[in-house]
Amino acid sequence: MKKQTVITKGTLPATIRRIVETTPVYDIHTHLYDPAFGPLLLWGVDELLTYHYLVAEVLRADAIPYDDFWKLPKTQQADLVWQRLFIEKTPISEACRGVITCLNALGFDVKKRDLAAVRKELKRWTPERFVTRVFDTARVRRAVMTNNPFDALEQPVWKKTFARDERFRAALRIDEILMGWQANAPKLREFGYDVQAEINDKTASEVRRFLADWTKRMNPLYCAVSLTPDFAFPDNSSCGQLIERCILPHCREHGIPFALMIGVTRQVNPALRLAGDGVVKPSSVEAVANLCAKYPDNKFLVTMLSRENQHSLCIAARKFRNLHIFGCWWFLNNPSLIEEMTRMRIETLGLSVTPQHSDCRILDQLIYKWDHFRKILTRVLTDKYGDLLTAGWKLTDAEIERDVKLLLGGEFERFLG
Ligand code: RAT
Ligand code: ZN
């Protein structure tokens, strides 16, 4: 057995830093793909620079008409982002800083500010080799994808058999069903499921057949949806009925959680396309509590987009063991907010939380999202364990390793069961 070292106040900071920096992460929500999905897996510097977080920033810095921006080829969009946000100003925002962290960790001399050299070097890589390089650099052991059975590019890949890369796990994303029932019921009919606009018995059983078929194909870890701040439960809308009659029974039958990401208002500015979604008001934690109370045999993974919801959501998680909260989602993925939320969650829930997911859309981003988070987690844990030492508690390095594993994915795995 490995020798356990008792931690002192003097050795605490370096020990925590070492453990947090080296513990591999299970990233529970991303938009990355197994390389078998070909062009769906985005990687490289032009993708990094045209990440939708940066598109929103460049379209504030440059007066180009939105449509003209979208007509540019991707490399020219990236050039504009580079010029306006990295050359003409200091890249100080979190999304800009992320690009620099990635390039630096990949071995580029960022002081040179030489975008052409980065492009040239990255041309030598294949996606398969780059996955290994990035996963190793970021110390990520697994990433959960977001898999949409309605997606025209994704669907055919799932329909043929392919060798799965074990580092990528699936999540069955059902926004099309829950958020766009009227528009998408006809598509389900085209796919061969005999559904009606009204959620009657036949329709409910056909939706369940669809979910069962896709669960068999994907072997997802959970079913997921992203919801608006108006999400209410219980609710007589098609969304509310489909959740009760289809999604929750399906999740119970297959023993998987239902993940709810609540709070986005889609297309606040449609001219920005993917960058045009916003957070305009808080959501209802009551809806989450109602779900957990009414369906104790279901498991719920929940993250909320509005800062205002975070405290109530922590308290809800104290009341319901079938609720696991995760991540600092999207507009909350800023160091100041991550630190505030991580402290509050650990103070409220101890280790029974997954404080972060990356939401990466571009493979390289695993590097910065986890690098930046690890620095924050190190700070928070140094304080929290330090307080315990002050109060006379004894700690060993093995105990800290055990705890950090839980926070970086182990608790999620335990919750899955
Ligand atoms: O964080 C993001 O990249 C968003 O665009 C969304 O994809 C969000 O995370 C979601 O999963 O709906
Ligand atoms: Zn996402």
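Brief remarks follow.
- Taken over the alpha carbons of the stretch 12-416 as equal point scatterers, the Debye sum produces base-10 log I(q)/I(0) values at 0.09, 0.10 Å⁻¹ of -0.57, -0.71.
- Chymotrypsin sites (Phe, Trp or Tyr not before Pro) within the stretch 352-406, DSSP loop, no more than 14 other Cβ atoms inside 10 Å: W393
- Of K71/K369; K369/K405; K89/K112; K159/K187, those spanning more than 19 Å from alpha-carbon to alpha-carbon: K71/K369
- Amide H within-cut-off set for A224, under 5 Å, with H built and near neighbours excluded: L172, R173, I174, A259
- Cα gyration tensor, the stretch 137-294 - rounded (a/c under 1.5), prolate or oblate: rounded
- Prolate/oblate/rounded label for the stretch 24-182 (Cα gyration tensor, a/c 1.5): oblate
- Distance between the stretch 189-216 and the stretch 93-116 - C-alpha centres, whole angstrom: 47 Å
- Pairwise label distance in nanometres, L416 with D297, each label 7 Å out on the Cα-Cβ vector: 2.3 nm
- Residue-wise HN-Hα coupling along the stretch 287-299, computed from phi with Karplus coefficients 6.51, -1.76, 1.60 (Hz; x: Gly, Pro): 4, 5, 4, 4, 4, 5, 6, 6, 10, x, 8, 9, 10
- With protein chains left intact and a 1.4 Å probe, residues in the stretch 209-279 average 37 Å² of accessible area per residue.
- Counted over the chain, the DSSP beta bridges are approximately 10% antiparallel.
- Per residue, the convex hull spanned by the alpha carbons of the stretch 201-341 comes to 129 Å³.
- For the stretch 216-311, the residue among N290, C251, A232 whose Cα projects farthest onto the positive side of the dipole built from Cβ charges is C251.
- Per residue, the solvent-accessible area of the stretch 63-197 (1.4 Å probe, heavy atoms of protein chains only, all protein chains present) comes to 53 Å².
- Label-to-label distance, nm, for residues given as R141 and T75 (7 Å Cα→Cβ offset): 4.1 nm
- Taking label points 7 Å from Cα along the Cα-to-Cβ direction, Q83 and V110 give a separation of 2.3 nm.
- For the stretch 330-373: rounded, prolate or oblate by the Cα gyration tensor [a/c cutoff 1.5]: prolate
- On the chain, 53 percent of the accessible area sits on carbon and sulfur atoms, based on a 1.4 Å probe.
- Using a Förster distance of 60 Å, the FRET efficiency for R119-A232 (Cβ separation, nearest 0.05): 0.80
- Here the sum of -39500 (n - 2.57) over DSSP H runs of 4 or more residues, divided by the residues of the chain, equals -14000 deg cm²/dmol at 222 nm, to the nearest 500.
- Part-to-part distance (alpha-carbon centres) for the stretch 67-82 and the stretch 121-141, which is given in Å: 25 Å
The values are calculated or read from the model by the stated rules, or taken from the named source; none is laboratory data. Everything numeric here is computed off the predicted structure, so don't read it as measured data. With ideal geometry, Cβ positions are generated from the backbone for all residues, glycine too; neighbour counts draw on all protein chains shown. Accessible surface areas use protein heavy atoms only, side chains included; no ligands, DNA or RNA. Shrake-Rupley method; radii C 1.70, N 1.55, O 1.52, S 1.80 Å.
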